[in-house]
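Chemist: The structure that follows is given in the form of structure tokens.
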Amino acid sequence: MPAAILTCGLLTTSCDDVLNVIDNSSTVPEEASAVDNGKWTIDESFVDTSVKPGDDFYMYRIGKWWAAATVDDNAKLPLTAGFLTDLEAGVAQLTTEKPGSAIIFYNHLNALLDQTQEPIMATNALVYTGNVYTECGYNQACKEAEAQNDPTPIWKAMGRLMAKGAPIPFMFQHLGYEGKTILVMYIAESLMPYAKSSLLPDNLRSDGQFVKALVPLTSKAGTRGLDESKWPHLVAMVKEAGIDPADVYLWSERSSYYNLKPDVLKWIEENTQIIKDLNNCSPVDLEIQLQKYASEATVLYSYENYQKVVDSYRQSGLDFSINNIYTYFYNNFMQYEVSHDVGMKNMTPEMRQEGIERSKELIYVFAERIKANQWLSDEGKKVALEKLDNMIINVGCPEKWITEAIPDLSNSQSPVEDSYLLRKAAFNFSKYVAGKPLKETSFHLLLEPSSKSSLALLNAYYTPYFNAINIYPWWLMMPLYDSTQNQAINYAFLAVTAHEITHGFDSQGCKYNKNGDYVDLFTNAADKDAFDQLSKQLIDRFNELDIMVIPGEKSHGEFCLAENIADLGGVEIAFDAYTRYLENHGFKGEEMARQQASFFCAFTELYREKYGPNFAKYHLYGNPYNNTQPDIHSLDRERINGTFRNIDAWYHFFDVQPGDKLYLAPADRVHIW
């Protein structure tokens, strides 16, 4: 910390271009300092000077705005109002345009309802499907298999069909293992949105759960991928599709090693059993099973078939429409194209490179903090620095796109052909990433065709099983980053990137090594004990905070521990990076202290949100109306107050003294990373 911080007692009332008067009684003239002429884009009329910074910094900074803002807390899904709410709405408006494949597919689906177009669609669908199956030699393979009483020819034909996008029983999940990309084969879900046969439970849709269920990654010692002696038919299919079986895995009986929930174990058991049954099928039975999976696609062939499905659902009391089919394909096969379109429209190579350089700057500062760490052993520092050095930086959008994975439906003649081409693009994605280093593929994997987190979202996160930080385009754009605004704002908002970096070392991130494998980062028991003790102290600090809108309720320090660690580390790293920037650019004395103080003001603006008791209750305990779980983040007010009260510099800049509600004695302030 620069000497200026220790010698300047600063009592601020706002962070505008004046940034208030620093109490400096020294008569010794200071050296000329650099100044920041960037725009201060934060509205200082929000400041409530009747609140002491040391009592409630959040309300001190935004109290007047909070008093004037309104939210509907009585709605079934209570809302917030504020900076991030407005930003999310703006991003949503910018990303409403659908990709080309979505428009074509939707038009083709609606053509099924048109008496003049439907017969043409149906004819084209039959011709296209027949050509695909003929080209893949499926009928001939069935004849050979029955004659030889060996299903292998059918399995090989199935591999060729997979590569063409035909509906078959198998799909791939993309994961990382030992720094490389692997494919996990599992039984495909049903095409029908309401089908009861779906085998993939909701809690396995989260990659965090998915990776823990992946075991073991070798069938037997000395082998990788599918064991041909155990799964000869799967190996034959995968090879025929053009994928190396060494990069493909299955679920294993050893999944109990990961202490999974009973319903997840049940899913693994059911999934594995179906694969075993298919692997052991006779040629005739295998044909029947394949027809069952392919038959669901018949809904796309004609109005008559579509109407049969509609009537079937109506008899069960369920609504079904063209929109259901469209939504299924849009969500499961078009998200990579969505991300591609957003990235190409909004990101430039220069913006992406700027984001990467800023991320590297934060990683450098974090590395220096690890080297100076007081509780970590030399061995622990070495392991932590290795993980940090191996961290993948995904910023903005991929540098190069997998063009084969972007569907091209421009020449398609029917929704059936559309569905094949969409599946084919998804297969091309899997084929491209299989076996490649995670440093090359990780960003793509997060944006895969069935991704639930496309670039159309305002998002930034850390992926422990890739050891990657992922910063989406909007964090590189106004108002979150603007080269013409005061750099305190830019660095304060960069604390979000530093937050994601710190996630690699929080209470959950420490369970993964530098390659993203599920291996404890702490190799030294003393380091683990020290980390746990510091974590317990941080839990206690947050548990002391009152929830303002729910009298008597306290912040949930333990449940939100990982995010609170990341918040604390992110702010400290970004503040150190900003201080380093100021020093390197000639800022000195009072001017430097003003700019450092403004960092905390700007960071608070990022979380300027108003919410009522119901929103807070659902945030803390979950919402039964939409079946959401409790939020792992502390509420905005507690994120600010709980984080700042552990940062020494904040006390100096805002004259926080014993007796203030947020005050902590130096020995009680928690510093983890």
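Chemist: Can you tell me the accessible area per residue over the stretch 98-170, all protein chains present, probe 1.4 angstrom, in square angstrom?
Modeler: Details: 3390 Å² over 73 residues.
Accessible area per residue: 46 Å².
Chemist: Taking 8 Å as the Cα distance limit and 6 or more residues as the minimum spacing, I'd like the relative contact order of the stretch 415-547 as a percentage. Could you put the intermediate results ahead of the total?
Modeler: Details: 98 pairs, mean separation 21.4, N = 133.
After rounding, I find 16 percent.
Chemist: Another question, then. Rounded to the nearest percent, how much of the accessible area of the stretch 585-673 (1.4 Å probe, protein heavy atoms only) is carbon and sulfur? Kindly include the intermediate steps, with their values, before the conclusion.
Modeler: Values: 1530 of 3140 Å².
Answer for the stretch 585-673 is 49 percent, counting heavy atoms of protein chains only.
Chemist: For the stretch 368-452, report the convex hull volume of the alpha-carbon atoms normalised per residue, in Å³, without decimals.
Modeler: Dividing the Cα hull volume of the stretch 368-452 by its residue count gives 123 Å³.
Chemist: Over the stretch 276-331, with the other protein chains present, what is the accessible area per residue in square angstrom, probe 1.4 angstrom?
Modeler: On the way: 2920 Å² over 56 residues.
Heavy-atom accessible area per residue stands at 52 Å².
Chemist: Then there is this: Please give the net charge around E354, taking every other residue with its beta carbon less than 14 angstrom from that of E354, where Lys and Arg add +1 and Asp and Glu add -1.
Modeler: Around E354, the charge tally is -2.
Chemist: A further question follows. Using only DSSP helix segments of four residues or longer, with each worth -39500 (n - 2.57), what per-residue ellipticity at 222 nm results for the chain after dividing by its residue count and rounding to 500? Can you show the working numbers first?
Modeler: Numbers: 26 runs with 330 residues, N = 673.
It comes out at -15500 deg cm²/dmol, rounded to the nearest 500.
Chemist: What percent does the relative contact order of the chain come to when contacts are Cα pairs within less than 8 Å and at least six residues apart? Provide the component values of the computation, followed by the final result.
Modeler: On the way: 1068 pairs, mean separation 149.0, N = 673.
Over the chain, the number comes to 22 percent.
Chemist: If you don't mind, there's one more thing I want to ask. How large is the convex hull of the Cα atoms of the chain per residue, expressed in Å³ as a whole number?
Modeler: Convex hull of Cα atoms, per residue: 169 Å³.
Chemist: For a quick check: with amide H placed at 1.01 Å from N, whose amide H comes under 5 Å from V395's, ignoring anything fewer than 5 positions away on the same chain?
Modeler: I471
Chemist: First compute the accessible area of the stretch 303-372 with a 1.4 Å probe, then give the percent of it belonging to carbon and sulfur atoms.
Modeler: 50 percent
Chemist: Only bridges whose two residues both fall in the chain count here: according to DSSP, what percent of them are antiparallel, nearest 5?
Modeler: Counting only bridges with both partners in the chain, antiparallel ones make up about 70 percent.
Chemist: If you don't mind, another one. Accessible area per residue, 1.4 Å probe, Å², for the stretch 514-673: what's the number?
Modeler: I get 38 Å² per residue for this part.
The values are calculated or read from the model by the stated rules, or taken from the named source; none is laboratory data. Just so it is clear, the structure is predicted and the values come from calculations on it, not from any experiment. FYI the Cβ positions are ideal-geometry reconstructions off the backbone, even for glycines, and counts take in every protein chain you see. Only protein heavy atoms, including side chains, enter the accessible area calculation; ligands, DNA and RNA are left aside. Shrake-Rupley method; radii C 1.70, N 1.55, O 1.52, S 1.80 Å.
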